[in-house]
Each structure stands twice: as structure tokens, then as C-alpha cells.
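Notes follow the structure.
The values are calculated or read from the model by the stated rules, or taken from the named source; none is laboratory data. Computed from a prediction, not measured in an experiment: that's the story for all the values here. Cβ atoms come from the backbone with ideal geometry, glycine included; neighbour counts cover every protein chain shown.
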Amino acid sequence: MWIARHPDCPPQTAGGSVVTIGNFDGVHRGHQAVLTTARMQADVLGVPLVALTFEPHPRAVLRPEQAPVRLTEFATKATLLGKFGADGVYVIDFSKDYAKTSPQDFIADTLVGALRAKCVVVGHDFCFGRDRSAGLALLREMAPDSGYTVEEVTPFVTDGGVCSSSRIRALLQEGQTDAAERLLGHAIIDFRP
């Protein structure tokens, strides 16, 4: 599996790619469901699956006082992304300047320009661009002219709720490690409350 950092290192996607986007903190069962769908699309299209992520976590840059405790450090996250199907990880070095990127520029420059996306696979609550101002509607609107399709993955529900990084953090803060590991789908590795 390869790792490329924006903007310095070009990704290995000359023939196109399937792209899934997120922070992927914990690479939990919800993330794994998205990766499974994306892997299937990549296999059908015969292109690599790229997990696009952001480092550091955007909240750590924009609202440090609200930054979440990380479930996984970057190296662990990258390893888990590969384990669950990604051929490569494309890392956006997130900064206050990068946060000003418009949704349209993100699609044109990153998804289409850098990654040559043929399909974009995201969760139901996906938001992106300056102030998280866009979501699935814009991604779908720009798809025909940009040459990609969009796959939306429904929430992964287990143990009475949607699987999410914030839910797992709450369980860990309460000392419910078994419940947290059921949602993660793997052992707790990096979490330090």
C-alpha cells in the first residue's frame, strides 16, 4: 500500500481511482462498511481504492479546544485502511489555509485533478469544503461533468445505535472497552484518554 501527501507527493492514480473520504479515526465498523463498498467498486472498475484523509484532524486546527482524543494515530490508521481494502492513502495536510478551499475546488483539484476519481464512495453524512458547506448533493451535481459516479453508504447500526468515532470515544471514556471494541471491529490500539 502506498501513502502520498498533498501537495508534495503525487498519488499513484494515473489510470483513475475509486476514492473514499474521511477522517477514518479508529477505522471502525462503519468505516469498514464504506471501505468494503469502495473496494467492490474498485474491483469492478479495475482501479485502485484510495482512502483520502486529513492530518491533523480538522478540528485540531480550526477549534483546538474541541479537538477529539484520537482513537488511532496516523500510522495505525494507515495500516488499518490497508487491511480493510485501501490500495493507497492520500493525505491532505490540513491547515487553516486549506480549510478555505471551496467545495468546487476540492472536487476539481483533488478528486478529479489529483486522484482522477471514477467513483467516490462516502457515508450518508459526508460534508466537505469551506465550513463543511457542501455534501452529497453537490458531489452528485458535479459528477456527470467531472467523470465520476457517487455511491452513498448507509449508516452502520449495531448495539442499538450508529457506529461512529464519537460514540466509541464516549464508551472508552466510560471504561466500556468491550463495547468499544465491538464497534471498532478490532482491538484498541492507540487510544489514550
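For this structure, a couple of remarks:
- Looking only at region 13-30, residues that are in a loop (DSSP other than H, G, I, E, B) and surrounded by 15 or more Cβ atoms within 10 Å (Cβ to Cβ) come to 9 in all.
Listed here are the residues, each with its yes/no results for (1) among the charged types (D, E, K, R); (2) under 19 Å from Leu139 (Cα atoms); (3) touching a strand residue (DSSP E or B) at 6+ places or on another chain (Cβ under 7 Å).
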residue	(1), (2), (3)
Ala14	no, no, no
Val18	no, yes, yes
Asn23	no, yes, yes
Leu35	no, yes, yes
Arg39	yes, no, yes
Asp43	yes, no, no
Val50	no, yes, yes
Thr53	no, yes, yes
Pro58	no, no, no
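- Each residue in region 49-70 was checked for being modelled with pLDDT of 95 or more, over 19 Å from Arg130 (Cβ atoms) and out of contact with any helix residue (DSSP H, G or I) (no Cβ under 6 Å at 6 or more places or on another chain), and 1 of them qualify.
- Within region 41-84, the residues that satisfy the criterion of being exposed (fewer than 14 other Cβ atoms within 10 Å of the Cβ), assigned to a helix (DSSP H, G or I) and of a type outside the set (A, V, I, L, M) are Asp43, Pro64, Glu65, Gln66, Lys83.
- Subset of region 153-171 [touching a residue at least 24 places away in the same chain (Cβ under 8 Å) and of a type outside the set (S, T, N, Q)]: Val153, Pro155, Phe156, Asp159, Val162, Cys163, Ile168, Arg169
- Restricting Asp105, Asp87, Asp93 to residues that are surrounded by fewer than 21 Cβ atoms within 10 Å (Cβ to Cβ) and over 17 Å from the mean Cα position of the chain (by Cα) narrows the list to Asp105.
- For region 13-33, the candidate set comprises residues that are over 23 Å from Arg169 (Cα atoms) and polar (S, T, N, Q); within that set, the residue that is modelled with the lowest pLDDT is Thr13.
- All of Leu71, Leu35, Leu62, Leu80 fail the test of being more than 22 Å from Gly123 (Cα to Cα) and in contact with a Phe, Trp or Tyr (Cβ under 9 Å, 6 or more places away or on another chain), apart from Leu62.
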